[in-house]
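Following: one structure in structure tokens, then a few remarks.
The values are calculated or read from the model by the stated rules, or taken from the named source; none is laboratory data. Please read these numbers as outputs of a predicted model, since none were measured by experiment. All Cβ positions, even for glycine, are placed from backbone atoms using ideal geometry, and neighbour counts span all protein chains on display.
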Amino acid sequence: MDKLKMHSINKVDENVEKIARLFPNCVTEAIIENKLTKVVDFDKLKQELSNFVVEGRDERYQFTWPDKKKSILLANAPIAKTLRPCKEESVNFDSTENLYIEGDNLDVLKLLQETYLGKVKMIYIDPPYNTGNDFVYEDDFSQSTEEYLANSGQYDEEGNRLVKNLDSNGRFHTDWLNMMYPRLRTARDLLSDDGLIFISIDDGEVAQLRKICDEIYGASNFIANIVWQKKTSPDARMNISPAHDYIIVYAKNMIQDEFLLGFVPYDEDRLNSYKNPDNDPRGMWASVDITGQTGRAPKSQFYEITTPSGNKYLPPEGRCWAMAERTFQELYADNRLWFGENGDNKPRLKKFLDESMGMRPWTWWTNKFASHNQEGNQELMKLFDGKLVFDNPKPTKLLKKIVTLATTKDKSCVCLDFFSGSATLAQSVFEMNNEDGGNRSFILVQLPQSFSDLGNDYKANNVATSLGYKNICEIGKERIRRAGKKIQDENPETAKDLDIGFRVLKLDSTNMKDVFYTPEETNISMFEDLTDNIKEKRTPEDLLFQVMLDLGVFLSSKIEVIIIDGKKVFSVADGFLMVCFDKDLIDKTVEAIARQKPYYFVMRDSSMADDTVATNFEQIFATYSPDTVRKVL
């Protein structure tokens, strides 16, 4: 049996394997820290890429900042952490497909990499905007001013300083970039091939965000920079009051000539343009022009049209008809052309509302189309009995537009927000599923940041604290509970089977003891403690979720507890994974589990009753379930 590795993916090793597949002659072995390790021979790799390598100080287009190399290393480095279930804070823990994860989002994203690699259809994040009042994650990029100047290239060759006002300029952006880069880089791996990421940002960092996204996702995968009108009135205290935020949109893999985004429903103004003056049985319709640009239009698109009243029309000067005459006659016979009430106008094509998929959005989203900050506050206050417990949450109308665009083609997909704040995405997913019958699920990630750390700039702090909420996660979880109940109370028929639950998981250190000691650190009293490699106060459920992470099993999978020969066995995803952490397993127990034919079976190294069971274990599985992958903790 193999041992589970019990830590996240090492992206460096993975990248070396990718190079080995492309250029096997460029990967060799070397002794590093007394260990034989696969390494890249960069001299040979340069030879293979000799026409493209840029070396030294040769001029090139690039975007860099202090500690960028460290942020790349940080994104690739493995971690020994786990996610522990918290059933008492969850809703419908055993049946829900939604996840709420508390912890540093970079660590959480790393843990999700194996399980959700290429499985997320949509990511939406609303990260800190770097206004000077926002908080960024401290990823240990501390350096002195001298180190910063040397790393950032702000000295010329004679040692002269090139940029002044260091504290308010260079380092200000550096800290934010060092926070965002590894998180965006890690999140990219989670997106499906047709996946999309939407990022809210303001003027302060939109330029930097575009650059790092161009590098991580590829400039060719840029889709749009949406301008969202977030306010309804100007701020008189400012020279020019900002009325907008941006929403940057990138694809994981832009496919040529294919629309990755869906349509959005018509707004009220557009719906009002649909009428039915001729009582067409197909319902409401709006008419559109049927002329087109001449360009290379064939002769078949230049012909005379006779209206029902006998008027004759040729295409307007410099234009042609948008379809060939044969197509026009088919549309005419199907009553899809409108010549006016008297039948004597130029023809227009009837577009029926019931046949329409909606409309393609453009990059200008007014507050009428996608709501505004004030409405986001009002929505949250309605859920929390008139109390504003979180400042300026994004309105659900905005998030529902994004969810609609990203998931129209797949309404059973996974949506991720790893800066979840007040959990607007969760409520938006609930509402969208109720409205269109979808089965979308969400993964929300949020650092349990204490309100006392946010400072006086956050008006909702005192309100949230006075109501007993200790951190942002408590607000987010309570919002999801209240939003789900509200939807079911208001829609008893359509929402009765709606998944309004969520499974709470909390980031923690690995369940395994640290058994790596140098000889001088070892003493005889330690050996008794090392007979069990599991930390104290870790439950079987804790171990189960670390196993699920390690084996790439969805964290939302159905979990059943069954008793086999008197032992507690977890059956995950209808027997795909079976896990037993009980002690004193005998041959009979092992055989009963093997007869279930799971794809994976995992148990503790110390679970077997004696050496005889250990000796017979492989033979029992070889007899009754030879294809089962067996692992031990």
From GLU88, GLU97, grab the single residue that is surrounded by fewer than 24 Cβ atoms within 10 Å (Cβ to Cβ), in a helix (DSSP H, G or I) and either at pLDDT 95 or above or of a type in the set (Phe, Trp, Tyr) (or both). GLU88
The lone condition TYR303 fails out of (1) within 21 Å of GLU355 (Cβ to Cβ); (2) among the aromatic types (Phe, Trp, Tyr); (3) outside any helix (DSSP H, G or I) is (1)
Failed item in (1) at negative phi; (2) touching a Leu at 6+ places or on another chain (Cβ under 9 Å), with GLY283 passing the rest: (1)
Hits in segment 268-291 (condition: assigned to a strand (DSSP E or B) and of a type in the set (Ser, Thr, Tyr)): SER287, THR291
Using the structure shown, decide if GLY318 is over 49 Å from the mean Cα position of the chain (by Cα), farther than 26 Å from MET359 by Cβ and loosely packed, with under 11 Cβ neighbours inside 10 Å. no
Of these, TYR137, TYR116, TYR129, which one is modelled with pLDDT of 95 or more and either in a loop (DSSP other than H, G, I, E, B) or in contact with a Cys (Cβ under 8 Å, 6 or more places away or on another chain) (or both)? TYR116
For segment 603-617, does any single residue satisfy the condition of being among the β-branched types (Val, Ile, Thr) and surrounded by fewer than 18 Cβ atoms within 10 Å (Cβ to Cβ)? yes
Scanning segment 582-613 for residues that are among the β-branched types (Val, Ile, Thr) and at pLDDT below 90 gives THR612, VAL613
May I ask you to list the residues in segment 609-618 that are in contact (Cβ under 8 Å) with a residue 24 or more places away in the chain and either β-branched (Val, Ile, Thr) or closer than 16 Å to ILE564 by Cβ (or both)? ALA609, THR612, VAL613, PHE617
Mind checking which pairs have a first residue in segment 221-232 that is on the phi < 0 side of the Ramachandran plot and a second that is acidic (Asp, Glu), Cβ under 6 Å, 6 or more apart or different chains? TRP228/ASP245; LYS230/ASP245
Got a sec? Which strands (runs of 3 or more DSSP E) wholly within segment 552-591 have at least 1 residues that are closer than 24 Å to ILE9 by Cα and under 38 Å from the mean Cα position of the chain (by Cα)? 567-572, 577-580
Leading residue by the ranking (farthest from the chain's Cα centre (by Cα)) among those in segment 250-301 that are aliphatic (A, V, I, L, M) and at pLDDT below 90: ALA297
Exception for PHE418 within (1) without any contact (Cβ under 8 Å) to a residue 40 or more places away in the chain; (2) in contact with a Lys or Arg (Cβ under 9 Å, 6 or more places away or on another chain); (3) of a type outside the set (Gly, Ala, Ser) falls at (1)
Conditions: (1) crowded, with 17+ Cβ neighbours inside 10 Å; (2) in a loop (DSSP other than H, G, I, E, B). GLY295 meets all but one. Number of the miss? (1)
Looking at segment 547-557, which of its residues are at pLDDT 95 or above and not aliphatic (A, V, I, L, M)? PHE554, SER556, SER557
Of these, ILE500, ILE524, ILE480, ILE475, which one is crowded, with 18+ Cβ neighbours inside 10 Å and either modelled with pLDDT under 90 or in a loop (DSSP other than H, G, I, E, B) (or both)? ILE500
